[in-house]
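Working notes, structure below.
The values are calculated or read from the model by the stated rules, or taken from the named source; none is laboratory data. Here the structure is a predicted model, which means the values were calculated and not measured. Cβ coordinates were reconstructed from backbone atoms using ideal geometry, including for glycine residues, and neighbour counts include every protein chain displayed.
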Amino acid sequence: MAENQNGIDRRRFLRDGLWGGCLAALGVAAGFVGNRSKRRDTVWQIDPYTCVACGNCATYCVLEESAVKCVHAYAVCGYCRICFGFFGPEPSDINEGAENQLCPTGAIKRTFVEDPYYEYTIDEKLCNGCGKCVKGCNTFGNGSLFLQVRHDRCVNCNECSIAVACPSQAYKRVPADKPYLLKRVDHA
Ligand code: SF4
Ligand code: SF4
Ligand code: SF4
């Protein structure tokens, strides 16, 4: 795909800037967890490289609304026009119509950046952690969408019911002062 230098620079700027914003947002949550770590040293988290997006995270959490949400590694994203995490398998058109979307709750927002790039952002209030977008992005895209336990919601059960139901041993206890396992560009 041909790209001019300005386009590449702009994308890098956009990715780095947005990824920084994402880390900053998670950092706020890390601080929150840090306070709680006086009571407990570890919290549950999903290894995004082991998760197979089976769907159990949406239904096995003890909370009525799962503590698991989709998050986005912007630095890994290809800003694809046709995103396999956003569009269903047979969209009737390549636009934001609800009938074309894979997400059952409309939690993913698609925004035009510049030809041919689009940005995808998650509205966590709408996300139920079903992982459908994660599976689509992992199967056909860069794998930039992934699931994480959000520690502003999780009550840190001694035995996490999702961990018990997880078919891929993706759940781990991690240090409470480093409560997120993020996807990275340089991951092998
Ligand atoms: S497809 Fe599922 S995991 Fe992805 S944003 Fe929508 S509700 Fe969340
Ligand atoms: S530890 Fe409890 S609240 Fe947190 S994700 Fe697991 S089941 Fe849900
Ligand atoms: S239960 Fe395990 S494999 Fe299934 S979506 Fe959750 S973390 Fe991923």
Some residue of segment 173-185 being over 24 Å from residue 67 (Cα atoms), part of a loop (DSSP other than H, G, I, E, B) and modelled with pLDDT under 95 | yes
Every residue from segment 152-182 that is surrounded by 14 or more Cβ atoms within 10 Å (Cβ to Cβ) and closer than 15 Å to residue 53 by Cα | 162, 163, 165, 166, 170, 171
Taking the options 100, 56, 95, name whichever one is more than 13 Å from the chain's Cα centre (by Cα) and within 27 Å of residue 161 (Cβ to Cβ).
-> 56
In segment 116-127, which residue that is touching a strand residue (DSSP E or B) at 6+ places or on another chain (Cβ under 8 Å) and part of a loop (DSSP other than H, G, I, E, B) is farthest from ligand 3 (Cβ to nearest atom)?
-> 123
Within segment 151-188, residues over 14 Å from residue 40 (Cβ atoms) and among the small types (Gly, Ala, Ser) come out as 161, 163, 165, 168, 170, 188
